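Here's the structure we're looking at; comments come further down.
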Amino acid sequence: MNRAKLGRINSRLHSPGLHNRRLPAPRRRPNALAAVLLPRTSVPSTCSLFRPLLRREKTALRCGLAGRSGAGSNMRRSVASMVAAQVAPGPVLRRHGSVAPPWLSSWSPFFLHRIALISQEQDYSHSSHSSNVAVQGSSGFNLQFHPKLNVRNITHEWVQETQRFVYLKSANNIANNIYKGSTLLAGNVRDDLSEDRRGLNYPYLQNLLEDQELVGHRMVNQSGQSVPAPISVVNDSPKCLSMPRASKMVIPWRDYAPAEDSLLDKSNTEVILELDDEVHDGDGNKEKVSPLPTKAAFSEESLKAQKALASIYDKVLVVDNIESARSIVKLLTTKYKSFIHACHTEVADIDAKKMTSVGHGEVICFSIYSANSDVQAADFGNGKTCIWVDVLDGGRGVLTEFAPFFEDPSITKVWHNYSSDCHAIENYGIKVAGFHADIMHLARLWDSSRKMDSGYSLEGLTNDHRVMDTVPEDLPKPGTISMKTIFGRKKVRKGGSEGKSVPIEPVKELQREYRELWICYSSLDSMSILRLYESLKSKLEKRTWVLDGYSRGTMYDFYEQYWRPFGALLVKMETEGMLVDRGYLSEIEKVAVAEQQLASDKFRKWASKYCPDAKYMNVKSDIQIRQLFFGGIKNRDRRGETWPQRKTFKVLNEENVATEGKKTSKYRTIELCSIVEDLKTDMFTKKKGWPQTSVNALRSLAGKIPTEHIYTMDDSQEDDEDTSDSENPDGDSSYGTAYEAFGGGKNGKEACHAIADLCQICSIGSLLSNFIRPLQGDHISCAKGRIHCSLNINTKTGRLSSRTPNLQNQPALEKDRYKIRQAFVAAPGNSLIVADYGQLELRILAHLTNCKSMLDAFKAGGDFHSRTAMNMYQHIRDAVHEKKVLLEWHPQPGQEKPPVPLLKDTFGAERRKAKMLNFSIAYGKTDVGLSKDWKVSVEEARDTLNLWYRDRNEVSDWQECQKKLAREKREVYTLLGRSCHFPKLTRPSQRGHNERAAINAPVQGSAADVVMCAMLEIESNARLKELGWTLLLQVHDEVILEGPSESAEVAKAIVVECMSKPFYGTNILKVDLAVDAKCSKNWYAAK
């Protein structure tokens, strides 16, 4: 056990002339004193020291080390830690009363500050047989320090320190001829904050001994302010001192906000603290302190992973200053210019699941691993093959030095998730060029089904033997290791037991605290990227690319021809973004909230007629809604379990109702009861067996109620006594099961309208939470007000997906009640072109199946779904032949209406079924699925399905061929020859689902091929570039461009031409590609 006996310190100046001279007496006697470990070696005569009373162990606080005392050396590594003794409060402390000062926390009335120098990384070591403290730098230099403590003012509680260093070894293989002697860390004050802190004014080592040789070497040091342990206060006076349970470092950078960092853990240190006998303010009691750790030790798995990871450290060259950056960039742009360079960044201050990477995040480091065509790594000297660049804490100038490398289009670069890395670098004004490959795209092209297994992460890919056939010698056997495995540690509960969660510290703290390990972790990513590139390229080169029955090369040729330029285009589109009118969104938010509140009030008013407390209920609570409509119902799955007739709930006290004799509470208790008996529903929760209260379930109760009924029906209409009980709903609306359950007539209609109010509350809430409010957030936009979503090729069929935000998931036009698309606008002076394909997937199906009926219908043009209905139903064919209805009508000038009704108006129900069948067939839907959609028997659905197939035998034959192909080869193919994999097709539980997917994948994947080719045609069109038009977004079969308004019509015609003939100016399909395009100032108007 380490012991430190604390006593009143007689402060002396240890210089020849002032050796025994006492300091003037302080105005007040010190309340408490702390010990600081000081070296007993000889020091310069100008150094003044406080000498504490130390016991024989001579290990007191041991400079904040967390280790056990004993013979030998104890070491601890830390990033940005103090190069000084751990806790050294001033010799005179002010004592406060029982009430702590307001600027201090309640448990810590004193925070003692001192100035210290911190280093980028050191290894602290201390021997139990000596009081020397050594600091071993990871970059190769050894520092031994001697504290110099001076009392600035005995009436102050501040102690200012200066420190001297002895530079013993070389740093980063650069010779520094500093003989053993005392050197001072010195530097000039920077008046111009724009200067790089690693430039001429940065602190450097200056030799104090004239007879010693010195070659200056700039060190990575900054001034820091330590906030060490609190001093316990009991009954207005300090009785004892406590070891700190948590200490932190505050680093006041000159041109950045102060950074805070935790100091070393002392979880294994026990200290008995005593007050000096002469300190009359305390009573001399002892206190044994064993600080509790906040995190558990690393697990065995973590330690094993760390050990494996550390093996690559000797292969990494650390670049942390401008001079070395320039020399490395010179090599990259000359000697190794023809190499393939794998690049990877680590970014802080960003939540990738919620935030766009455009304009967000801070690059803290990046790594580059280079190799030639023979996979021989570049050599940067002394066996260093990987470059790791430190950008944290003022290294932006170092990043800027790499601009010539990143911006050179002739230097080929491969990435993993190119989009994220590219935006992270371009946020610093560097335009990234030379895109060669994205590992995620290569892996998806090789196997589109990996999302079902270990996914496309670096960890999943490098640890998959199917991807990495052999592990290269310079990679650890486990492959890339997740950050959680390496750095995650379980939390420690208050009682000392370990928690379940395994949090990870912010990446900035990881880079500072575990610097060497972090260098290995982040460098391994770029190493893995290059090895994955070589492996996946080899695999794709072994696969034949078949297009329309002929070999066109390898699948890597397909990547180079299509997906490489497409990947670059997607990143460009993300960077452009779409301008959003936040003012408009703010206005429609107010309208939506008001309408939601109106619907809530109307429902509560209606429900309170049956249950008085319903006027206080939470209309967004599924349980409370279930209580009103299904109280007393029996559980469908669990026999004997019944939902109670009455139940109490705790709700917000929005009306500020006060209980007699008590203050107004934030919450109040209400009692809800069942308001209806035997309300029919066939929708139950799968897990618990209770009736659902989802929007779809509520709609089945309410029926089809026009929206205008909800917002125009005022109280006078509700109370109209002349309303007939037998009156049918207006228009096409029809009431649901609630109509009969509430007795029909007026009561039944009121119930259906009230439940429709609930549906509107849910629908409006969805629009608010998913669209209107998120689109106003700063996390998905940049300073220019443009939203930058992420576009990804991460679906099995190759269709694009969108996230942060998902702009492909905008509400359908008929459901876009607040015209949210109207918020997406063109910049002043610009317009938008919105162009989309008409019935693209059906045209793809007609081409793939060579179905004569479908090909003829598309060649004839007009309403495809009406033609399908006519071919399915004999009575519709007869009506068309007898000219009782028109299949379609093209009005001539002066004609206002057709001479006879249109087919879609007279036979609307049949046409709707035909339309649903047209799209359902392409998705492989069966009679079982259609029976659920139409709410009919399977037999009836099968009969209707047979009517569709009657004239389309080619489609059914093609579908059977696709199923057979999927069973035999475990894959099917798109129009351009991409494969969609189905490795688990033979599993009985998934066979039906996978067979439907095998039918859909070629159709949907081929549609994705067509849209991709159209986008590449638009991007490569020289005339569109000359006019200034740019692609912004793709939403399935729709593309959006922005450009100058004066050339909108010309550009629109070019876009239509590109989309109609997307395959290098031709159309390889057997049917025409119909394109509809409009120009407008906003997205909504252009639809």
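The values are calculated or read from the model by the stated rules, or taken from the named source; none is laboratory data. Every value quoted in this text rests on a predicted model; they were computed, and no experiment measured them. Here Cβ is always computed from backbone atoms with ideal geometry, including for glycine, and neighbour counts include all displayed protein chains.
Tallying residues that are over 15 Å from residue 674 (Cα atoms) and either assigned to a loop (DSSP other than H, G, I, E, B) or out of contact with any helix residue (DSSP H, G or I) (no Cβ under 9 Å at 6 or more places or on another chain) (or both) within segment 607-618 yields 1. In summary, residue 909 fulfils each of the numbered conditions (1) buried (at least 22 other Cβ atoms within 10 Å of the Cβ); (2) free of Cβ contacts under 8 Å to residues at least 12 places away in the same chain with the single exception of condition (1).
Among the residues examined, residue 540 qualifies as in contact with a helix residue (DSSP H, G or I) (Cβ under 6 Å, 6 or more places away or on another chain) and touching a residue at least 60 places away in the same chain (Cβ under 8 Å).
Can you pull out every residue in segment 689-721 that is at pLDDT 90 or above and either in a loop (DSSP other than H, G, I, E, B) or among the basic types (Lys, Arg) (or both)? 689, 690, 692, 693, 694, 699 - these are the residues of segment 689-721 that are at pLDDT 90 or above and either in a loop (DSSP other than H, G, I, E, B) or among the basic types (Lys, Arg) (or both). Please verify whether residue 521 is under 30 Å from residue 309 (Cβ atoms), modelled with pLDDT under 95 and not assigned by TED's automatic domain parsing to the domain that holds residue 763, treating the condition exactly as stated. It is true that residue 521 is under 30 Å from residue 309 (Cβ atoms), modelled with pLDDT under 95 and not assigned by TED's automatic domain parsing to the domain that holds residue 763.
In the set (1) under 25 Å from residue 992 (Cα atoms); (2) in contact with a helix residue (DSSP H, G or I) (Cβ under 6 Å, 6 or more places away or on another chain); (3) at pLDDT below 90, residue 849 fails one condition alone, (3).
Within segment 773-789, if we keep just the residues that are in a loop (DSSP other than H, G, I, E, B) and at negative phi, the residue that is farthest from the chain's Cα centre (by Cα) turns out to be 784.
Apart from one condition, residue 954 fits all of (1) buried (at least 18 other Cβ atoms within 10 Å of the Cβ); (2) under 37 Å from the mean Cα position of the chain (by Cα); the exception is (2). Out of contact with any Pro (no Cβ under 7 Å at 6 or more places or on another chain), surrounded by fewer than 17 Cβ atoms within 10 Å (Cβ to Cβ) and touching a residue at least 60 places away in the same chain (Cβ under 8 Å), is that true of residue 569? Against the criterion (out of contact with any Pro (no Cβ under 7 Å at 6 or more places or on another chain), surrounded by fewer than 17 Cβ atoms within 10 Å (Cβ to Cβ) and touching a residue at least 60 places away in the same chain (Cβ under 8 Å)), residue 569 does not qualify.
Filtering segment 880-905 to residues that are in contact with a helix residue (DSSP H, G or I) (Cβ under 7 Å, 6 or more places away or on another chain) and either under 21 Å from residue 947 (Cβ atoms) or surrounded by fewer than 18 Cβ atoms within 10 Å (Cβ to Cβ) (or both) leaves 880, 885, 887, 888, 903, 904. Can you name the residue in segment 1036-1087 that is without any contact (Cβ under 8 Å) to a residue 40 or more places away in the chain and within 19 Å of residue 839 (Cβ to Cβ) and, of all such residues, is surrounded by the fewest Cβ atoms within 10 Å (Cβ to Cβ)? In this case the residue turns out to be 1067.
Of the residues making up segment 915-937, at least one is in contact (Cβ under 8 Å) with a residue 60 or more places away in the chain, in contact with a Lys or Arg (Cβ under 6 Å, 6 or more places away or on another chain) and surrounded by 13 or more Cβ atoms within 10 Å (Cβ to Cβ).
Out of the residues in segment 393-448 that are β-branched (Val, Ile, Thr) and surrounded by fewer than 21 Cβ atoms within 10 Å (Cβ to Cβ), which is farthest from residue 565 (Cα to Cα)? First the steps, then the outcome.
Filtering segment 393-448 down to residues β-branched (Val, Ile, Thr) leaves 398, 400, 411-412, 414, 425, 430, 432, 439.
With surrounded by fewer than 21 Cβ atoms within 10 Å (Cβ to Cβ) added as a condition, the list becomes 400, 412, 430.
Numbers: 400: 26, 412: 14, 430: 20 Å.
Checked segment 393-448; the qualifying residue farthest from residue 565 (Cα to Cα) is 400.
Checked against the criterion of being basic (Lys, Arg) and touching a Pro at 6+ places or on another chain (Cβ under 7 Å), the candidates 531, 512 yield just one match: 531. Restricting attention to segment 360-391, the residues that are crowded, with 20+ Cβ neighbours inside 10 Å and within 23 Å of residue 777 (Cβ to Cβ) total 3. The numbered conditions (1) in contact with a Gly (Cβ under 9 Å, 6 or more places away or on another chain); (2) under 21 Å from residue 803 (Cβ atoms) are all true for residue 365 except (2). Among the conditions (1) touching a Leu at 6+ places or on another chain (Cβ under 9 Å); (2) farther than 30 Å from residue 776 by Cα; (3) surrounded by 16 or more Cβ atoms within 10 Å (Cβ to Cβ), the only one that residue 670 does not satisfy is (1).
Scan segment 821-845 for residues that are among the hydroxyl-bearing types (Ser, Thr, Tyr) and under 21 Å from residue 584 (Cα atoms) and report the count. I'd like the intermediate steps shown before the answer.
Residues of segment 821-845 among the hydroxyl-bearing types (Ser, Thr, Tyr): 831, 837.
Retained after the next criterion (residues that are under 21 Å from residue 584 (Cα atoms)): 831.
Qualifying residue count for the region: 1.
Please specify each residue of segment 985-1004 satisfying the condition of being of a type in the set (A, V, I, L, M) and either without any contact (Cβ under 8 Å) to a residue 60 or more places away in the chain or touching a helix residue (DSSP H, G or I) at 6+ places or on another chain (Cβ under 8 Å) (or both). 985, 998, 999, 1003, listed by residue number.
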